[in-house]
Each structure stands twice: as structure tokens, then as C-alpha cells.
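What follows draws every value from the coordinates through simple rules; no lab data is involved. Note that this is a predicted model, so its numbers are computed, not measured. No Cβ is skipped: glycine too gets one built from the backbone with ideal geometry, and neighbour counts run over all protein chains shown.
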Amino acid sequence: MGPRGRGGWGFGPWAFGFGGCEPQAGPGFRWRFYDRGDLKFVILRLLREKPMHGYEVMRALEEGSGGWYRASPGSVYPTLQMLEEGGYVTSEQVDGKKVYTITDAGRKLLEDRGESRFEETPGMKQVFEIRQSLKKLASAVIDGARGSDEQTMKRIGEILDKARKEVYSVLAES
């Protein structure tokens, strides 16, 4: 489960709100925004607003998430191709770019899916504020680590450990 449970996050006018942000198994660490197969519904929702080419879809996904999610061409283009093969979108060449438009079948698929899956999650403004606070904290820690003595570094580590424990304590209460 993501930090918000099964409902996950919701962002901007598209309000993704699917599988939450979950660390994935395997090498490295990455966050997952969608349950398997949910990206197609988000893309259909975007295309319902206006026709777009693949790069516009990727940019809209990133902007809609406030920068938290950056779609890769390896996820967006195969999804667009699958939607086109299924008759949910059509494409045409415009100025050398393949522009996708949702079809009636795509609208029906969204309707059958249920709009409640796309409702905006309350509290997203606070999520973005927390993100900004984390950036500022990271900057302060990095600046403090440059040329600091061992005692200062130890104090910074203790402060970070205490903050992490307090965050977990708040999460356990809710």
C-alpha cells in the first residue's frame, strides 16, 4: 500500500488517485503511482480534455503530479499503441507528430470505469508543501555537511533520526 492506502494520491485536474506511491521490489528504489493497467485510464482522461501527442501526454502527467511522477516513453508510447489497437484512441500525423484523440469507445471505457476513481484526493496542497519543505531540509543538510566537523555531523544525524521517528509516530496515530 502507498502512504495514503489503496486510494493512493490524486493530482490536479486529472486526479490520478490510483495505487499510491509504493516502493517496488528489485534493484534500486522507485515509486509507483498506478496499479497495473491504470495508466491507460489516466491517459484517456487527459485525451478527453484535448488531443495530444506522446510527449504532451508525458509532460501533462508530470505537470499534473507537481513533478512527483515523470512518465517514461517506455510506459506512455506502448500504452498509447495498446489504446489505439483497442479502438479507444485514434491517431493522425500533425506537423510530423502522431496526435492521439479519444474515441467514443474510449469515453465509454472511462464511463464504465467510474469517475470516482479519478476524484481529487483532499490534502494535495499539503503534500506539495511537504515536498518543498523536504527540498529545503535536504539543502540545509547538504550545506551543513560541507566542511562540518564530526560533532556537527553527528548532531545533524540525530536531528534527522528524531524527525523520522516523529513522522512515523504521527502516521501511526492516523
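Some observations on this one:
- Spin-label model, MET82 to SER169: label points 7 Å out along the Cα-to-beta-carbon direction sit 4.4 nm apart.
- Max-minus-min Cα coordinates of the range 46-87 on each principal axis give 30, 23, 12 Å, with the largest extent listed first.
- Distance from the range 149-174 to the range 41-82 (C-alpha centre basis), Å: 37
- Distance between the 7 Å Cα→Cβ label points at GLU92 and VAL141: 5.2 nm.
- Put in line by how crowded their Cβ is, counting other Cβ atoms within 10 Å and starting with the fewest, ARG45, ARG146, ARG113 read ARG146, ARG113, ARG45.
- Spatially proximal lysines relative to LYS108 (Cα-Cα < 24 Å; intrachain offsets below 8 disregarded): LYS40, LYS50, LYS98
- FRET efficiency, 1/(1 + (r/R0)^6) with R0 25 Å, evaluated for SER72 and LEU160 via beta carbons: 0.20
- Of all lysines in the structure, those lying under 21 Å Cα to Cα from LYS165, and not within fewer than 8 positions of it along the same chain, are LYS135, LYS136, LYS154.
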